[in-house]
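To start, the structure under review is shown below, and the notes come after it.
The values are calculated or read from the model by the stated rules, or taken from the named source; none is laboratory data. Everything numeric here is computed off the predicted structure, so don't read it as measured data. Note that we place each Cβ from the backbone using ideal geometry, even for glycine, and neighbour counts take in every protein chain shown. Heads up: the accessible areas ignore ligands, DNA and RNA and are worked out on the full protein's heavy atoms, side chains in. Shrake-Rupley method; radii C 1.70, N 1.55, O 1.52, S 1.80 Å.
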Amino acid sequence: METTLGEQIMLLSLDDTTGAPQLQSQSEFMISSASVLELALADRVRIEDDRLVVTDPTPPGVPALDTALARIAAADEPKDVQAWIFELREEAVDGARQGLLDKGVIREERTRRWGIFPTSRYPEADASVEAVVRQRLESVVLEGEEPDARTAALVVLLHTGGLRDLVFAGADTTAVDERMAELAEGHWAEPAMKQLIDSVYVALTTTAASTTITMINAGS
């Protein structure tokens, strides 16, 4: 079953049994970033003068990506990647969740937190989809297999977003970090894609630092 990069990140970040999100803030920014990279892989956007521009407004045919592309195309003026990662976040997360629900990969369970506040959890309904994603990642990261562009992009997002332990728990962390960092260098990508990957990397690194500072201040 074909899934988007955003759907794959959401699937990896949900607890398989309870359906509760893990590392929620990081994973949501990864999902938003995945929309940008997916559009680039589909030749719909690219970087020009440090701004994200639409090169082909034709909808890719995936609801979440169609929405993201339309938002970028309708902007009054071009914005940088970091701005779009923030602006697309909510819609990208909702779109990834709905995509997994529509495909029957997860199911929704509605409960009340503390018996008062309504909340939803999304446990797996079809574990085979995540198993395929994990197997592909392990082949590339742990076994050194050369990745296709989408898998490499997924590794870059997981590496930049600090989601390594959600996928490679128990593996040699030094070896995993080295391999993920190698793929993050983008030697597999065309120059235009490499430029976008670098922009996403900088944006996510900045976002991660800002999130950490906010959490520290909130706890002070």
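Placing unit charges on the Cβ atoms of the charged side chains and taking the dipole of the chain about its Cα centre, the candidate lying farthest along the positive direction among THR174, LEU14, VAL155 is LEU14.
Highest average first, the peptides 99-111, 168-180 ordered by how many other beta carbon atoms sit within 10 Å of their residues are 99-111, 168-180. Descending by average beta-carbon neighbour count within 10 Å, the peptides 88-98, 6-16 line up as 6-16, 88-98, the highest first. Each Lys or Arg adds one and each Asp or Glu subtracts one; over the other residues with Cβ under 10 Å from the Cβ of GLU185, this totals -1. Rounded is the label for the chain, because the ratio a/c of its alpha-carbon gyration tensor axes (a ≥ b ≥ c) stays below 1.5.
Just add up the charged neighbours of LEU11: K/R +1, D/E -1, any other residue whose Cβ is under 12 Å from the Cβ of LEU11. Within the 12 Å Cβ shell, the charges total -3. If R0 equals 41 Å, the separation of the Cβ atoms of LEU142 and ALA83 corresponds to a calculated FRET efficiency of about 0.70.
Remark: relative contact order (the chain) = 24 percent; criterion is Cα-Cα distance under 8 angstrom and separation of 6 or more residues.
In a reduced charge model with +1 at each Lys and Arg Cβ and -1 at each Asp and Glu Cβ, the range 1-151 shows a dipole moment near 640 debye about its Cα centre.
Close amide H contacts of LEU52 (hydrogens built in the peptide plane, cut-off under 5 Å, sequence separation of 5 or more or a different chain): LYS79, ASP80, VAL81. The share of accessible area on the range 92-156 that comes from carbon and sulfur is 48 percent, using a 1.4 angstrom probe. If a paramagnetic tag sat 7 Å from the Cα of ALA42 along the Cα-Cβ line, which residues of the range 120-149 would have the backbone N under 17 Å from that point? The answer is 149, whose backbone nitrogens lie closer than 17 Å to the label point.
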